[in-house]
Amino acid sequence: MNMMSDAAVEKALDKKMNDVSYKMIGKDVSVYYGDKRALYDVNLNVRENTVTALIGPSGCGKSTFLRCLNRMNDTIESAKVTGRITLDEEDIYDPAIDVVELRARVGMVFQKPNPFPKSIYENIAYGPRIHGLARNKAEMDQVVEASLQRAGLWNEAKDRLHESGTGLSGGQQQRLCIARAIAVSPEVILMDEPCSALDPIATAKVEELIHELRTNYTIVIVTHSMQQAARVSQRTAMFHLGHLVEEDDTDKMFTNPNDQRTQDYIMGRFG
Amino acid sequence: MSTSLILLIVALIGLAGYVLGARQARRLAAAALPKMHSRPGYYGSYVAVWAGLPALLILAVWLVASPIYVNSSIRDNFPEDLKAQTEAAQSLTFGTIGSVARGLTVLTPEEVAQAQANPGELRVLLGGKGVPLAGDPEPFMVSAAAELNAMNATSRLAMTIAVIAASVVGFFYAYRMIAPRFRARNKVEQVILASLITASCIAILTTVGIVASMLTEAIQFFQMVPAWEFFFGTVWDPRFAAAGATDSAGQFGLIPLLAGTLYIGFVAMVVAVPVGIFSAIYMAEYASPRMRSAVKPLLEVLAGIPTIVYGFFALTTVGPFLRDLSTQLNGIATGNYSNFIQAQSVITAGFVMGIMLIPYVSSLSDDIITAVPRALRDGSLGLGATRSETIKRVVLPAALPGIVGALLMTASRAIGETMIVVLAAGVAARMQINPFEPMTTVTVKIVSQLTGDLEFTSPQTLVAFALGITLFAITLCLNIYALYIVRKYREQYE
């Protein structure tokens, strides 16, 4: 009886797993910087409307993998990517794919807040303007307001839309960068240690924001903070020395990881 | 003892001071318990500074002051009738005494005694020894010359003793100061600071000196020619300076020269700015590292070519080419084979000057564009912007203040440029707007007014200084304006 029920549960779980829709699928992804290999045959799938955290010690390849997802590695002269990454079943490294369009669908937020030296309004309007998402000023105003609202920056910024974006505090700047990424209506948002340059209060705000964004976007976040991974993500992937160690539900990863290395890293034995 | 020998001795004492001071410090450090404050080298340097610096200061002051003192005391002994004469005559006499004095040193004591007894023979006597004299010296001159020699010898001896004594005293003073508690490092740092300040003061004072010298000559010019005639005159016709005639009425109108300068500078910028900035964008944003490492040095070679060579290029290649081209074009268009571009013209000079300026524009702009943080580029690319959109909307606006500054500095180079325009622009000072005709510039006229045998009393030569100071004022204003713009934009973009 018990056995049966266990098997049933297992089966139910499997079925649930199979129902999961994957937004992005990485298969045998390897990255070389010149002669140096940074990533070894990583197989990692990103679930839709889920926050996936990539954790691991410095230099383990998690940022490299993140940057593969919107081909930001293309901007690095010596980088070479092999393997296959798909977005909604389309190979993003297919020569037929337009990298510009890809990056509009897979937005990115960087480690250090990097607002453009323009006004707050222009920072948000930048992406929509390039992609022609707003037909007139009124629509653009709407896009800007909606993006700032979603990034939880509207109340702080609405009276100073035309002041320089660089005049904001660090945390506000990072939320501005998130708003800027949202403004082009991406499907996936990549975040590369978005809170590493922020103080705890600003970090809390950004984390809260990530939590809310999950309903509309698929998010992949690289973080050095175990607590942050535990707080914001549903899935966690552990990298070590360029290998994907394991990937699982965040709850499971932090309570009962399969791999000893994950256990050690989470317990703070290395990293 | 000669000055260089004294210098050598002081240097040797200083070196000995360094070695002994450092050794003493090391010995103290090994023996005594209180730790030495500084490392041995600092104690050595301290001793060397004390052995060298005061002695060198004394030497310098002495070398300046001694001739002045000797000169005035010899002149005080001039006969009364000579003292009543003009300053020029007194100077001439003193010059003669100087050469007699130099002559006396080559004579034997008997000959000197003979010469003092009979000054009339001195000229022949000295002529035989290879020392020419301009005229027969008067008796008082010979005795004055002997006195001059005696004074100089005394002075030199005293100087030698004083300098070496100062060096030795400084050495012992500093050597005895060496002790664990003594802060030699701080003292040596102070000396270094002082010498750095002195060096920068020299640069500033030189600038002040240059401006002052130009200003005094220019003021002299403006006493002969009214300032408004110079600054607002539209005719440049300085005539020739006749010797002694200070009233020759030339016309010194700055406007035609200024117009030519600005016109040629404008043409040069029209050539240099687009080419320079586009090549900078290519180098900074698109070129592969290999391409960059090959092309950048090549561009810098272009910047290293002397401007006179560009002048040749304009004179022998570009000018004739443009002239022949215009002949052909005119012939094809109208059947009349006559050139409408002169070999020496605004367009020739401006074009070649523009080529000369390309490396400045591109190299400066390249540095500025490269300095725009990578984070900004990534941010833009991450939003799905193309490379050129990123450059146009993010990189260039961020780099703009620097680029504007670079362009204004380039413009001030164009205005001050001389050799190309001397060879390629022509010398005709006229005001017209046809770029195919020759015009001339301020710098060309400075060169032509200061070429040949000159006397610096006529407005024909002094006008060069007025032109020079005007040019200086213009480029100074341009540079100040460049700094102002850079600062203003920087505030906006930070």
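We did not get these values from a lab; they are worked out from the coordinates using the rules stated. Keep in mind that this is a model prediction, so the values were computed, not measured. Cβ sites come from the backbone with ideal geometry, for glycine too, and all protein chains shown count toward neighbours.
Each part gets one Cα centre, and for the stretch A:125-183 versus the stretch A:185-264 those centres are 25 Å apart.
In terms of its alpha-carbon gyration tensor, the protein assembly as shown comes out oblate; a/c meets the 1.5 threshold, while b/c is at least as large as a/b. The order of the peptides A:170-177, B:10-17, A:95-102 by mean Cβ neighbours within 10 Å, most packed first, is A:170-177, B:10-17, A:95-102. Between B:VAL19 and B:ALA227, full extension at 0.36 nm per residue minus the direct alpha carbon distance yields a gain of 68.5 nm. Distant-in-sequence amide contacts of B:TRP236, defined by a placed amide H-H separation under 5 Å and a gap of 5 or more residues or a different chain, comprise B:GLY253. Our summary gives the stretch A:20-266 a relative contact order of 28 percent, counting only alpha carbon pairs under 8 angstrom and 6 or more residues apart. Residues in the stretch B:264-281 carry Karplus couplings, in order, of 5, x, 5, 4, 4, 5, 4, 6, 6, 5, x, 4, x, 5, 5, 5, 5, 5 Hz; the curve used is 6.51 cos²θ - 1.76 cosθ + 1.60 with θ = phi - 60°, and Gly or Pro positions show x. Could you give the nm distance between label points at B:THR457 and B:LEU12, where each point is 7 Å from its Cα heading toward the beta carbon? With each label placed 7 Å out from Cα toward Cβ, I get 5.3 nm. Mean partner shielding of peptide A:97-107, defined as the number of other chain Cβ atoms within 10 Å of each residue Cβ, is 3. Shape call for chain A from the C-alpha gyration tensor, a ≥ b ≥ c root eigenvalues: rounded (a/c under 1.5), prolate (a/b greater than b/c) or oblate? In terms of gyration-tensor shape, prolate.
Amide hydrogen proximity for A:GLU246: with H placed 1.01 Å from N in the peptide plane, the residues at 5 or more positions away or on another chain lying under 5 Å are A:MET238. Computed from the C-beta positions of B:CYS201 and A:GLU90 and an R0 of 45 Å, the FRET efficiency is 0.05 to the nearest 0.05.
Considering only B:ASN77, B:MET177, B:LEU126, and ranking their Cα positions along the charge dipole of the stretch B:3-182 that arises from unit charges at the beta-carbon of Lys, Arg, Asp and Glu, the one farthest toward the positive end is B:MET177. Compared with the dominant principal axis of the Cα atoms in chain B, helix B:346-370 is inclined by about 80°. Legend: P(r) of chain B from all alpha carbon pair distances, 10 Å bins from 0, whole percents, reading 4, 12, 14, 15, 17, 18, 12, 6, 2, 0, 0.
Taking the three principal axes of the alpha carbon atoms in the stretch B:140-276, the coordinate ranges are 73, 65, 26 Å, sorted in descending order.
Using 0.36 nm per residue and subtracting the Cα-Cα separation, the extra length available between B:PHE436 and B:ARG374 on full extension is 17.8 nm.
Mean residue ellipticity, 222 nm, helices only, chain A: the sum of -39500 (n - 2.57) across DSSP H runs of n ≥ 4, divided by residue count and rounded to 500, is -12000 deg cm²/dmol. Against chain B, whose longest principal axis is taken from its Cα atoms, helix B:289-304 shows a tilt of about 60°.
To the nearest 20 debye, what charge dipole does the stretch B:231-492 have about its Cα centre, counting +1 at the Cβ of each Lys and Arg and -1 at the Cβ of each Asp and Glu? Once rounded to the nearest 20, the dipole reads 840 debye.
Each label was represented as a point 7 Å from its Cα along the Cα-to-Cβ direction; for B:ARG39 and A:ARG160 these points are 4.8 nm apart.
For the stretch B:178-333, what's the relative contact order in percent, using C-alpha pairs closer than 8 Å and at least 6 residues apart? The value is 11 percent. Rounded to the nearest Hz, the phi-derived 3J(HN,Hα) couplings of the stretch B:416-421 under the Karplus curve 6.51 cos²θ - 1.76 cosθ + 1.60 (θ = phi - 60°) are x, 5, 10, 5, 4, 6, where x marks glycine and proline. For a paramagnetic label modelled on B:MET1 (point 7 Å from Cα along Cα→Cβ), amide N atoms under 17 Å away belong, within the stretch B:54-74, to B:54-63. Dipole check for the protein assembly as shown: with +1 at the C-beta of Lys and Arg, -1 at the C-beta of Asp and Glu, and the Cα centre as origin, the magnitude is about 1760 Debye. The share of alpha-carbon pairs in the stretch A:50-184 lying farther apart than 26 Å comes to 33%. Each of B:GLN449, B:MET409, A:HIS243 was placed along the dipole of the protein assembly as shown (beta-carbon charges, centred on the mean Cα), and the one lying farthest toward the positive end is A:HIS243.
Given R₀ = 41 Å, what would the calculated FRET efficiency be for B:ALA212 paired with B:VAL106, taking r from the Cβ atoms and rounding to 0.05? Each step should come with its number before you reach the end.
Numbers: r = 42 Å, r/R0 = 1.02.
Here the calculated transfer efficiency is 0.45.
Legend: mean number of C-beta atoms from other chains within 10 angstrom of residue C-beta atoms, peptide A:110-118, equals 6.
Could the peptides A:109-118, B:392-401 be put in order, highest first, of the mean number of other beta-carbon atoms found within 10 Å of their residues? Could you put the intermediate results ahead of the total?
Details: A:109-118: 22.3, B:392-401: 20.0.
So the peptides A:109-118, B:392-401, ranked by packing, come out A:109-118, B:392-401.
What separates the Cα centres of the stretch B:309-337 and the stretch A:39-62 is a distance of 67 Å. Got a sec? Charge dipole of the stretch A:20-266, +1 on Cβ for Lys and Arg, -1 for Asp and Glu; which of A:LEU153, A:MET191, A:THR75 is way out at the positive end? About the Cα centre, the residue reaching furthest to the positive side is A:LEU153. Here chain B is treated with +1 on each Lys and Arg Cβ and -1 on each Asp and Glu Cβ, and its dipole about the Cα centre works out to around 2940 debye. With the alpha-carbon atoms of the stretch B:3-182 aligned to their principal axes, the span from lowest to highest coordinate is 78, 34, 19 Å, starting with the largest.
Counting Cβ atoms of other protein chains within 10 Å of each residue's Cβ and taking the mean over peptide A:61-73 gives 1. Rounded to the nearest 5, what % of DSSP beta bridges with both residues in the protein assembly as shown are antiparallel? That works out to approximately 60 percent antiparallel.
Peptides B:253-265, B:119-131 ranked from most to least packed give B:253-265, B:119-131, packing being the mean of other C-beta atoms within 10 angstrom over each peptide's residues.
Our coupling estimate for the stretch B:44-52, obtained by passing each phi through the Karplus curve with A = 6.51, B = -1.76, C = 1.60 and θ = phi - 60°, is x, 4, 4, 5, 4, 4, 5, 6, x Hz, Gly and Pro reported as x.
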